[in-house]
Every structure is written in C-alpha cells, then in structure tokens.
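Structure record follows, encoded as structure tokens.
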Amino acid sequence: MSMSRTKRSLLCFLLLAVLALGLGLTNLAVGSTRIGAGALLRALFSGDRTESAARIVWGIRLPRLLAAALLGGALSVAGFLLQTFFSNPIAGPFVLGVSSGAKLTVALTMIACLERGVSLSAWGMIGAAFPGALLAIGCLLLAAGRTRGMARLIVCGVMIGYICSSITDFVVTFADDSHIVNLHYWTMGSFSGVDWAELGTAALIAAAGLVCCVFLAKPMAAWQLGEDYAASMGVNIRRFRLALIGLSSLLAACVTAFAGPISFVGIAVPQLMKGLFQTARPGVLIPACFLGGAGFCLGCDLLARTLFAPTELAIGSVTALFGAPVVIWILLRRGKGGGV
C-alpha cells in the first residue's frame, strides 16, 4: 500500500471514529428528556447514579447506543463476509435469509420457553439464533449447487427469508403467552431491549468473531482473486469456506438474537466503505465495516427514537430507508454488465 493510500485510510478511519463518537454523544443527550453537556458529563464521570440524568444515561441510553454500535458493526462485517464468499455486492444477512432463519429459531425457542415459564438467557438467545442462521445458509448452498446464476441464487435467498419470516409471523400471531407482545416488537427490530448482561455477551461474541476475521484477512484476499488462485496460494478451501460461513452466521445470529432482524446494513455499509476507502482489501475493510456499521446504526437509531417522538420507529424501517437506495445504486451501476 502506497504512502498516499495509507494516509487516506488513516484519515477515513479517523473520520468514521469521530462520526461514531459524535453520534454516540448525541444519542446520550437527545431524547424525550434532553440532557445538557454539563449534566451529561456529571452523569458519565461523577460516579453518582442517583440523579435522574445518570439513571437515564446508565439505565437506558448508554446500553442502547452501545448495542447499536456493537451490533451494527457486527452486522456490517457479516455482510462483508457474505459478499466476499458469494462474490456478489448485494449478498447480505437480510437479503439471503440468514437473519430471517435466525429470527425463526429464536422465536420458536422463546415461545417454547415462555409457555413453560422459563427465562431465556443471553447465551440461550445466541444458541437459538445460530442454528437458524446456519440452516438458512445451508439451504442457500444447496440451491447454489443447482444453479450457476448468481441472480437466481439471490432470489432463492430472498424466498428463504420470506418463508422463515412467514412461519415466524404465524407462530407469533397464534402464541398464547402474555409476553408475546414483546416478542412481536422484537421481530420488528429494535436496540432498546438490550441490557448490560446481554451487551456483555454480545461484545464477547462480536470480539471473538472480529479477531477470527482478522486472521482470515489474507485467505480472503486470495479468495477475492478466485478459488483456483486461493488454492494455489495454499488456502485450504474447505476449511476456509466453513470458517467464512460459520463466522458470518455467528455474527448475524448475534445481532438477530438481541435486536431482531435489521435490514440493508449488511449490504449498504460494506459497499459504502469500499467507495470511501477505494479498496476491497479485507485487512482494511473489516475494521472499516465495523466502524461504518456502528456509525450507520447509531444514526438510524437516533432517527428512530426522535423523528416522530414519542412514537418510536422500528430500526429496520430506518435502515431500509437509507440502505435501500444504496442497493438500487449498486444494481443500476452493474446493470450495464447484465448481472447482479
């Protein structure tokens, strides 16, 4: 990497970090109760949690903004992994049905637990979501063995997502438990329900996944040049595929378990980061996607909370509003080539 490109990357990372920090502070200050700069600093650093501002910050807003940043970053990285694996810019956890598969198994597990009066732990949520994400990708890979057209594969992923979402809506609608109203709200997507314990679990999963992604950066760079080239460079293709599928499923499952299905982040943010950094190198784009996804979801969650306050929008509606135009732009840009 040349010195000028290195400087550009560092400048872009600094820009993303400042943007995420600014949006985070805005999320802490803005809401149904506005908190001034002085009160916000006292709430964060005084150690006194009894004041109303401190209770709002530490009990409601801080865990929510950390969840938005952490899960948004993880979802963006998951999208980048899937785009690399399928060599397609509109591959993402939501479009390929991965998020919907995770949503289905979490919903079924939660309903089964609620009917028996059992509380599902944070690790239980992850354990319920991960098989669903793997199942959706497994179905997609079976479809990939029967068609060579990437457009058909994307359509298969969309249909898998619709099937999983339809089954989820059906079981939620006819469930008996009084807590199902909360489950229905979760299926719409929201960062508001994440508490400190769940945040710690999500942080542990996301950190482990990101470390593994960093170790896969070189094999991913070789994979981007073709499967044959990667094999000639000593990449164990079978293990690499399993690792990429497992990591993308784990990160997407983590997000879905705690925040529900969130659309378009996994597609739009990696493409925006490629344009911003002017590179497709995994070593650069993995941290870039995490920072970009964090900032993107912090901004969208801020709008979801405040745009029509006190009514709160589903986070998926806001991410779709800003993410869908990016997908349309990708399709129009590639349309001249005749492929997806």
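Could you pull out every one of the helices (runs of 4 or more DSSP H) wholly within the range 1-114 that has 2 or more residues that are surrounded by fewer than 20 Cβ atoms within 10 Å (Cβ to Cβ) and among the hydroxyl-bearing types (Ser, Thr, Tyr)? Spell out how you get there, then give the answer.
Working: elements: 3-29, 37-45, 52-56, 62-86.
In the range 1-114, the matching helices (runs of 4 or more DSSP H) lie at 3-29.
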Legend entry - Residues being at pLDDT below 90 and closer than 22 Å to residue 199 by Cα - total across the range 8-39: 1
Inset, instruction - Please name all residue pairs, on different chains or six or more residues apart, with Cβ atoms under 9 Å, provided the first residue is in the range 119-136 and is more than 18 Å from residue 248 (Cβ to Cβ) and the second residue is among the acidic types (Asp, Glu) and buried (at least 23 other Cβ atoms within 10 Å of the Cβ). - result: none
Inset, instruction - State whether the residues of the range 297-312 include one that is closer than 26 Å to residue 158 by Cβ and of a type in the set (S, T, N, Q). - result: no
Legend entry - Conditions (1) over 27 Å from residue 303 (Cα atoms); (2) touching a residue at least 12 places away in the same chain (Cβ under 8 Å): number failed by residue 10: (2)
Legend entry - Within the range 29-44, tally of residues that are within 18 Å of residue 301 (Cα to Cα) and not β-branched (Val, Ile, Thr): 4
Inset, instruction - Report, ordered by the first and then the second residue, all pairs with beta carbons closer than 6 Å, sequence separation of six or more or different chains, a first member in the range 196-220 that is surrounded by 16 or more Cβ atoms within 10 Å (Cβ to Cβ), and a second member that is modelled with pLDDT of 95 or more and small (Gly, Ala, Ser). - result: 199/67; 206/74
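The values are calculated or read from the model by the stated rules, or taken from the named source; none is laboratory data. This is a predicted model, so every value here is computed, not measured. Backbone-built Cβ (ideal geometry, glycine too); neighbour counts: all protein chains shown.
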